[in-house]
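The values are calculated or read from the model by the stated rules, or taken from the named source; none is laboratory data. Keep in mind that what you see is a predicted model, and the values were worked out from it rather than measured. Please note: Cβ atoms are built from the backbone with ideal geometry, for glycine as well, and neighbour counts cover all protein chains shown.
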Amino acid sequence: MRHERLFRLTWLALLALPLLAWAGPVLEPSFSSSDNYGETYSFTVDLEDGTFLSAQFSVTNVGPGSRHGICRATVVRPGRKTWAPSTRVGGGDWGYDKATNTLKVGACTLHTGNGTHVTLPLDGGLIRIVFEEPLTPKTPPNAEVELGNTRYIHQVLVPFSAVKVTLQLPGATAPLMLTGGGYSDHSHSTVVPAKLARSWVRFRSLRGPENLLLLGREGHDGEYGPVYLWSVGGEPRNLESFELRRLDDGKTKAAQWEAEVSGEGGPWMLRSTSLLLRSAPVQDLGVLGSLVKSVVGSPVTYVMRAVLERPGHPAVEGLMEVTLDEG
């Protein structure tokens, strides 16, 4: 039980980093001795059957000890219970192999070359994601945030890619073979997690007739950045700001959200249509959570189906993600 609590404390701090320049290969972590160091490779997949899948490879000093490696995934299938396996390892059980361009965290592996291959054998199940596209890092506008002598930076590794997924849930007699669209990014931070942002909003349309990304961060000082839109085949375009609003009474976990974004031709409206997942790691810790709020805050993330409406453009469906402090 003690080890499980230590793992949850470490991971909730990384969740508060929704996501320094890198001098080496993209999959080689740029380790920092800062107590607040956290570096994450994230993957988001939207599958044709309606399944939502996310996976993360993380290295961090946050929490008891240092040089932790974390591999975790979340699978939300229509009409099924959420499966969220994870593992945490010490500094001797994760590393980057330059010869094969592979990052390994415990038994989980991440490799790029001819496409991108993500393999997570966790908790008696297996997730294998194959992206058609290799990792090609690109830093969007204003993606670096400096707070005093600490920094956070975000890179997009794969903005849009067709994916194939092999999913074997624990106890299943045979794997599922699924297809859809995927996205990947990489973040590096030495900022105290609770100070990084007041709120984040993300929208990813990864399958369908039009693919695009929207990301926005609101700082505790009321400033916005990064805020950008990225359409397939184009370059990320800087936007000014957004206003995030909760549409329900705030008393239920089945939240409804909308974001009004300053965009070309007038305000754009991003509205949730259904809730897939609510993650509240500090709240889930109960009394123990009160001991870490001063460092990590109380971040809550909502993942939802949503639609983006822009004047003069057809509506676009995709995944909306809202992260904010509910302490």
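Do we have any residue at all in segment 110-132 that's acidic (D, E), surrounded by fewer than 19 Cβ atoms within 10 Å (Cβ to Cβ), over 17 Å from the mean Cα position of the chain (by Cα) and closer than 30 Å to P226 by Cα? Yes; the residues of segment 110-132 include at least one that is acidic (D, E), surrounded by fewer than 19 Cβ atoms within 10 Å (Cβ to Cβ), over 17 Å from the mean Cα position of the chain (by Cα) and closer than 30 Å to P226 by Cα. Among the candidates T179, T173, T190, the residue that is surrounded by fewer than 23 Cβ atoms within 10 Å (Cβ to Cβ) and under 19 Å from Q56 (Cα atoms) is uniquely T190. Every condition in (1) at pLDDT below 95; (2) among the acidic types (D, E); (3) under 20 Å from T44 (Cα atoms) is met by E317 except one, and the failing one is (1).
Here H154 passes the criteria (1) under 16 Å from S42 (Cβ atoms); (2) at pLDDT 95 or above except the one numbered (2).
Quick check on segment 78-85. Is at least one of its residues of a type outside the set (A, V, I, L, M) and crowded, with 23+ Cβ neighbours inside 10 Å? Outline the logic, then answer.
We begin by selecting, within segment 78-85, every residue of a type outside the set (A, V, I, L, M); these are 78-83, 85.
Then drop every residue that is not crowded, with 23+ Cβ neighbours inside 10 Å, which leaves none.
Within segment 78-85 (the criterion being of a type outside the set (A, V, I, L, M) and crowded, with 23+ Cβ neighbours inside 10 Å), the answer is no, since none of the residues qualifies.
Results for (1) over 26 Å from E223 (Cα atoms); (2) at pLDDT 95 or above; (3) in a loop (DSSP other than H, G, I, E, B); (4) of a type in the set (A, V, I, L, M, F, W, C), shown as yes or no for each residue.
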site: D249; (1), (2), (3), (4): yes, no, yes, no
site: E258; (1), (2), (3), (4): no, yes, no, no
site: M269; (1), (2), (3), (4): no, yes, no, yes
site: T273; (1), (2), (3), (4): yes, yes, no, no
site: S294; (1), (2), (3), (4): no, no, no, no
site: V300; (1), (2), (3), (4): no, no, no, yes
site: L308; (1), (2), (3), (4): no, yes, no, yes
site: L324; (1), (2), (3), (4): no, no, no, yes
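For segment 221-234, indicate whether the set of residues that are part of a strand (DSSP E or B), small (G, A, S) and crowded, with 22+ Cβ neighbours inside 10 Å is non-empty. The answer is no, given that none of the residues of segment 221-234 is part of a strand (DSSP E or B), small (G, A, S) and crowded, with 22+ Cβ neighbours inside 10 Å.
Which members of segment 10-33 meet the condition of being surrounded by fewer than 18 Cβ atoms within 10 Å (Cβ to Cβ) and either at pLDDT 90 or above or within 13 Å of the chain's Cα centre (by Cα) (or both)?
Here is the first cut: in segment 10-33, the ones surrounded by fewer than 18 Cβ atoms within 10 Å (Cβ to Cβ) are 20-26, 28, 30-31, 33.
V26, E28, S30, F31, S33 - these are the residues of segment 10-33 that are surrounded by fewer than 18 Cβ atoms within 10 Å (Cβ to Cβ) and either at pLDDT 90 or above or within 13 Å of the chain's Cα centre (by Cα) (or both).
Take the residues in segment 127-152 that are assigned to a strand (DSSP E or B) and in contact with a Ser or Thr (Cβ under 7 Å, 6 or more places away or on another chain), then tell me which one is nearest to G171 (Cα to Cα). Selected residue: R128.
Annotation: D185 fulfils all but one of (1) closer than 24 Å to A55 by Cβ; (2) at pLDDT below 95; (3) among the acidic types (D, E); the unmet one is (2). In the set R72, R77, R67, only one residue is closer than 27 Å to L147 by Cα and among the basic types (K, R); that residue is R67.
Against the test of being among the charged types (D, E, K, R), over 20 Å from Q56 (Cβ atoms) and in contact with a Leu (Cβ under 6 Å, 6 or more places away or on another chain), the options R207, R198, R237 yield a single qualifying residue, R237. Applying the set (1) charged (D, E, K, R); (2) surrounded by 22 or more Cβ atoms within 10 Å (Cβ to Cβ); (3) at pLDDT below 95 to R67 leaves exactly one unmet item: (2).
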